[in-house]
Amino acid sequence: MRVLLLLAAVGLCGAQYSPNTAYGRTAIVHLFEWRWADIALECERYLAPYGFGGVQVSPPNENVVVTSPYRPWWERYQPISYNICTRSGNEDEFREMVSRCNNVGVRIYVDAVVNHMCGSGAGYGTHSTCGSYFDAGTRDFPSVPYSGWDFNDGKCSTYSGEIENYQDIYQVRDCRLSGLLDLALEKDYVRSTIAGYLNHLIDIGVAGFRIDAAKHMWPGDMKAFLDQLNDLNTQWFSSGTRPFIYQEVIDLGGEPITGSQYFDNGRVTEFKYGAKLGTVLRKWDGKKMSYLKNWGEDWGLVPSDRALVFVDNHDNQRGHGAGGASILTFWDARLYKMAVGFMLAHPYGFTRVMSSFRWPRYYENGEDVNDWYGPPHNSDGSTKSVPINEDTTCGDDWVCEHRWRQIRNMVVFRNVVSTEDFTNWWDNDSNQVAFGRGSKGFIVFNNDDWELNQSLETGLPAGTYCDVISGDKEDGRCTGIEVYVSSDGRANFQISNNAEDPFIAIHVEAKL
Ligand code: AAO
C-alpha cells in the first residue's frame, strides 16, 4: 500500500523526472548511431536479459546529408524535417524497434533536436536523408513546414548572428549555435509544431526525451511545448504517465546559465560528474579516490533526483561539447571501467552508459582532426549493422562498452542494490576505497601504485560471492575471483595494482 501511495505521489508531482523504466531497472545505454533494426535485436538478445532499463537513440528525424567531410556523425544534429527517416532507418523500422524493445521491458528515449534546423550554410536542394527539399538561405523547410518567420534571425544582437559570448544569456538563447538556424520558440506555431513531432514519437511508444541544446532555449519556451505533450502510450505505460525529460545543459560553472534554471522542466545532464570523476581517477590536481567519500551534491553537483549522469558522452569523448581533457572514454579502458563501475555502484543520479564506435583518432596540435568520423558504414554511406562476435563482443568498429563484462555486470549490480543506502565506506587516505549498498552489494577499488590487502566490513550475509568484475557466477561456480564473507560481515580483499581490472564487486545475486 505504501509503495502504491508513493508511486501515485511520484506520478502526480514529479513525472518528468521519473525515467519510466520497467520495475527495478536503473540504467540506460546510449546506442550512438545504431540502426533501429539492430537496436530491436539488442533489446531482445542482450539489454532485456541483463536488466538495462532503456536506450537513448540518435536523432530519428530527417537531417542534412553532409559530404564534406564525408557523412560526419554530427550531420544528425542538423534537422531538415520531422519525418522519421535517417541512416538509422525509416518510420516502420523505428516503430518496430519501439514495440519490440517495450515488449521486453526496454524503453526508448529520443534525442530531440528542436532548438534549431541545419547550418546556415547548408545550401538548398534535396541533400537530406529522405530527399526533402530545403533552402537554408531563405529558411525554407517545406516538409515541416517552417519559413523565415519561424527563426530568430531578427532577435540576435551579435553582428555575426552567432553566439559569441556565453556570458550573455540573450546571445546563448537567441543567436545561432555553431551556425545552426535558431528556431523562434516564443512563437505558438513553432511550439506546437515541435510538440506535434514529439507527440508523434510518444504515440509510437517512446518513454521520454533527451532535449538537445536545452541551454540555447529559454526554459519557459521549453515548458510551453513540454506542457503540450501527450501522456505515454497506454499499450506499455499506465495511464497518465508523463514523458521522462532530461535536458542537455552544459554547466561546468562560470556561466550565468545553470542547470538549476531548467529543473521545472525535468532533469539535466550533469557534466560536472564525468569531468570531476575523470580528474579523480587520473589523479590530476592532487585528487584522490578517498575524496569521493562525499561524492554527490557536496561536490557541487545538482540534486541527485535532478541529475542524468554519465562518464562520457558522444561529444566529450571526442573533444566536442565540454568536459575537457579529464573525460575518460573507452580509449582509456582500464580507468574507464573503474569510473563506470564507480558510477553504477554509487546511488547518485540516474545513470547512462555510453556505447560508441571507434574512429581513427589522430591529434594535430592537440586536436583530434578525425573527431568528425561517422559510424561504420558501407561504400554507399549507409550505416553498417552491428555484427556480434562469438565471444559476445561487437565487430567492425562498434565498441559496445555496454557489452564489456565489467560494465554489463555493474548494470546488474545497480539494479540489485537499488533500494539500499550508501554504507560501510572505507579508504586508506589515498586511492584505495570501498563502499557498500546496505546488505546487497559491496565494491572495492585500488587505484594506488601498490597492492591492496585489507579486511573490510561488507554488510553482506555470510557466504561465498563471485566477483562480477573478474568473472561471472555460472552454473553454481565463479569464473573469476571468489570472495568469502564471514558471519560478522567481514571479508578479505586483495587487489594487485597490476590487476587487469583493479576493482572487485560482489552482490547478493552473485552468491554461491
Ligand atoms: C557542425 C560543424 C560546425 C558547423 C555546424 C553548422 O562542426 O563547424 O558550424 O555544423 O554547419 C554537433 C557537433 C557540432 C556540429 C553540430 C551540427 O558537436 O560540431 O556542428 O552537431 O552538425 C555547445 C552547446 C551544446 C552542444 C555542444 C556541442 O551548448 O548544446 O556545443 N551539444 C549538442 C549535441 C552536439 C550537437 C549540438 C548540440 C547541436 O550534443 O552533438 O553538435 O545540435 C562551452 C559551453 C557549452 C558549449 C561548448 C562548446 O563549454 O559552456 O555550452 O556546448 O562551449 O561550444 C570549458 C568550459 C565549458 C565550455 C568548454 C568548451 O570546458 O568550462 O563551459 O570549455 O569551450
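Just a few scattered comments:
- Complete set of residues in segment 469-495 that are among the hydroxyl-bearing types (Ser, Thr, Tyr) and in contact with a strand residue (DSSP E or B) (Cβ under 8 Å, 6 or more places away or on another chain): Ser470, Thr479, Tyr484
Yes/no matrix, rows are residues, columns are (1) within 15 Å of Ser18 (Cα to Cα); (2) at pLDDT below 95; (3) touching a Gly at 6+ places or on another chain (Cβ under 9 Å):
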| residue | (1), (2), (3) |
| --- | --- |
| His200 | no, no, no |
| Asp221 | no, no, no |
| Asn230 | no, no, no |
| Phe237 | yes, no, yes |
| Arg242 | yes, no, yes |
| Asp251 | no, no, yes |
| Gly254 | no, no, no |
| Phe271 | no, no, yes |
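- Condition check for Asp153: more than 27 Å from the chain's Cα centre (by Cα) and not hydrophobic (A, V, I, L, M, F, W, C): yes
- When restricted to residues that are touching a Pro at 6+ places or on another chain (Cβ under 9 Å) and assigned to a loop (DSSP other than H, G, I, E, B), segment 165-189 contains 3.
- Segment 281-291, subset more than 15 Å from Asn428 (Cβ to Cβ) and part of a helix (DSSP H, G or I), residue nearest to the chain's Cα centre (by Cα): Leu281
- The residue list Gly121, Gly51, Gly125, Gly105 contains one member that is of a type in the set (Gly, Ala, Ser), surrounded by fewer than 20 Cβ atoms within 10 Å (Cβ to Cβ) and closer than 19 Å to Ala207 by Cα, which is Gly105.
Conditions (1) in contact with a Phe, Trp or Tyr (Cβ under 7 Å, 6 or more places away or on another chain); (2) of a type in the set (Asp, Glu), marked per residue:
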position: Arg408; (1), (2): yes, no
position: Ser418; (1), (2): no, no
position: Asp421; (1), (2): no, yes
position: Asn424; (1), (2): yes, no
position: Asn428; (1), (2): no, no
position: Ala434; (1), (2): yes, no
position: Thr458; (1), (2): yes, no
position: Tyr484; (1), (2): no, no
position: Ala491; (1), (2): yes, no
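- Residue in segment 108-128 that is in contact with a Gly (Cβ under 7 Å, 6 or more places away or on another chain) and of a type in the set (D, E, K, R) present: no
- Residues of segment 319-362 classified as among the aliphatic types (A, V, I, L, M) and not in a helix (DSSP H, G or I), total: 6
- Filtered residues of segment 298-332 (kept if away from the ligand (no atom under 12 Å from the Cβ), over 19 Å from Tyr348 (Cβ atoms) and either touching a residue at least 40 places away in the same chain (Cβ under 8 Å) or hydroxyl-bearing (Ser, Thr, Tyr) (or both)): Thr329, Phe330
Matching residues to (1) within 28 Å of Val106 (Cα to Cα); (2) crowded, with 24+ Cβ neighbours inside 10 Å; (3) among the hydroxyl-bearing types (Ser, Thr, Tyr):
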{"position": "Gly323", "(1), (2), (3)": "no, yes, no"}
{"position": "Ser326", "(1), (2), (3)": "no, no, yes"}
{"position": "Thr329", "(1), (2), (3)": "yes, no, yes"}
{"position": "Val340", "(1), (2), (3)": "yes, yes, no"}
{"position": "Pro347", "(1), (2), (3)": "yes, no, no"}
{"position": "Ser355", "(1), (2), (3)": "yes, yes, yes"}
{"position": "Arg358", "(1), (2), (3)": "yes, no, no"}
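- Test result for Asp168, over 30 Å from Gly253 (Cβ atoms) and out of contact with any Cys (no Cβ under 7 Å at 6 or more places or on another chain): no
- Exactly one residue among Thr269, Thr258 is within 15 Å of the ligand (Cβ to nearest atom), farther than 20 Å from Val444 by Cα and out of contact with any Leu (no Cβ under 7 Å at 6 or more places or on another chain), and that residue is Thr258.
- Annotation: Gln171 fulfils all but one of (1) within 28 Å of Gly300 (Cα to Cα); (2) surrounded by fewer than 16 Cβ atoms within 10 Å (Cβ to Cβ); the unmet one is (2).
- Some residue of segment 194-212 being part of a loop (DSSP other than H, G, I, E, B), within 12 Å of the ligand (Cβ to nearest atom) and closer than 14 Å to Val110 by Cα: yes
- In segment 92-116, the residues that are at negative phi and among the aliphatic types (A, V, I, L, M) reach residues that are within 16 Å of the ligand (Cβ to nearest atom) and assigned to a loop (DSSP other than H, G, I, E, B) with C-beta atoms within less than 7 angstrom, at least six apart or across chains, in these pairs: Val110/Pro60; Ala112/Asp212; Val113/Pro59; Val113/Asp212.
The values are calculated or read from the model by the stated rules, or taken from the named source; none is laboratory data. Remember, it's a predicted structure, so these values are computed and weren't measured experimentally. Note that each Cβ is placed from the backbone with ideal geometry, even for glycine, and that neighbours are counted across all protein chains shown.
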